[in-house]
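Here is the structure we will look at, set down as structure tokens.
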Amino acid sequence: MATKKILVVDDSPFMRTIISDLILEDSAFVVVGTASNGVEAVEQVKQLNPDAVTMDVEMPIRNGIDALRQIMSECPTPTIMLSGLTEEGRQETLAALEYGAFDFVCKPSPSGGLQDIHKVGIMLREKLHAAIVSDVRRKQLNSMAEEKHISEQQRSEKKSTLPSIGQDVRLLKTTRQEDSVSKTLSERLDNKRLRPNTSGELVNQQKKDVQVAAKDESSVGRKQTSSVNKQLDEAVSIRKLPDKKRYAVDQHRAPSEHQSSRFNMSKRMSNNTNYSQLVAVGTSTGGPRALKELLSNLPGDLPAPVLIVQHMPPNFTHSLAQRLNTYSELHVKEAEHGDVLQSGWAYLAPGGQHMTVVARPDGTHVIELSVTAPRSGHRPSVDVLFESLLPFDGFERHIILLTGMGSDGARSMNTLYQNGVRSTFAESEQSCIVYGMPRSAIELNCVTHVVPIQDMARQLVKAMK
């Protein structure tokens, strides 16, 4: 396997040496260059075309955030941020994740000694490998999508000799009888928009609508409507999805506006412990961006509490909760031991602690935090949270796995699925930064909805009705 080229960016010569040495402990990597500020970083990326970059956050002349934004705009390259331990450093690191950084690693602590440096090295090399693999996968997906688009264009060109639906409708307007057919057809199609339907019922109904619209018209009108029928069949058949017995794949949609369903969309102080639904979310690498997309599109009076586990070190989860709270109409907070669950609130597990839900004698449900052993290397663990929801079969439970490395949460999602939950969601490969945790759940056949993150909020609200 060819060695992967890494660019190291840090304003400290000592730290550049430390980071370079840690990277070179893996023979799969070679450090092709270093930079001491953001300006040099952008220049080096363009000149050296590295496979990945390690980027310091706080630097003179030009900081890591500004450099990252330009790199992602002009020459996208997988980037791992090297974060300091200050509050300002944490906030800037989280901003970098929103701007396209793959992940981050905390710099070695000055008081941590060789053991801390060794741990940082292990995490850094692991994340560099994951970032490069993810970038290759994304390019492959984009290439496949482009090939599919070209193929569909070619098929469309072959049919170009046939009159389009629009042309047929224009022809129908040449007589008064044809105007009537066109008007009826348009009204019925407006009321029943074309949507994918695996059952085929909508397709049959639309064909019936066209036939009814043409009934009792002239023979010319009937022939021309028949042509519209044929074209309509072809258009609908292209958009139909294959039947899925175990789960439904929802097609990628552009980010929607805030949901305007039966829920009011106002962020207000609430004290509602009377709810019948629970939402639980697990995520890892790529999670901050995914959580921002999900939570910013959920209504403020969602009739359920939202419980979230994001793999992240201590202190960073507090900063993340603060950022998410500014984007969401839900109240988002870092969970505290003893928090009483309320609808319209989202609770983020603190880094370094497991989060579970327990019932109290008064009928309320509260959060418990613990520092018991990590599960599969993780604390907080998604599996630990999901398993704590097993006793609550009186609730309609909605379980979600978003982007992330590994398989944390997949096994417990399957257990909940077998136990009987309202819905299970996995983020689709197309929108995942790392397609690990969702894929593990899908392979267990326990996912009812596979959804791109841009459509996750809408689909969740729909499932909760």
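Enter the Cα centre distance for the pair segment 361-399 and segment 86-158, rounded to the nearest angstrom.
29
Quick one, can you get me the convex hull of the C-alpha atoms of segment 16-121 expressed as volume per residue in Å³? Show your work: numbers first, answer last.
Numbers: hull volume 10.1 nm³, N = 106.
So the per-residue hull volume is 95 Å³.
Order these peptides, 371-379, 343-351, 444-452, 142-150, by their mean beta-carbon neighbour count within 10 angstrom, highest first.
The densest-packed peptide leads the list: 343-351, 444-452, 371-379, 142-150.
Just to confirm my numbers, what's the Cα centroid distance between segment 415-440 and segment 28-49 in Å?
37
Of His331, His129, how do they rank once you tally other Cβ atoms within 10 Å and put the fewest first?
If I rank by nearby Cβ atoms, fewest first, I get His129, His331.
Which entries of Lys148/Lys462; Lys107/Lys127; Lys4/Lys148 have Cα-Cα distances beyond 25 Å here?
Working: Lys148/Lys462 30 Å; Lys107/Lys127 14 Å; Lys4/Lys148 30 Å.
Exceeds cut-off: Lys148/Lys462; Lys4/Lys148.
Can you tell me, using C-alpha contacts under 8 Å and at least 6 residues apart, the relative contact order of segment 11-133 as a whole percent?
23
Where a number appears in this text, it was derived from the coordinates with a stated rule and is not lab data. Keep in mind the model is a prediction, meaning the values are calculated, not measured. Every residue, glycine as well, gets a Cβ built from its backbone with ideal geometry; the counts of neighbours run over all protein chains shown.
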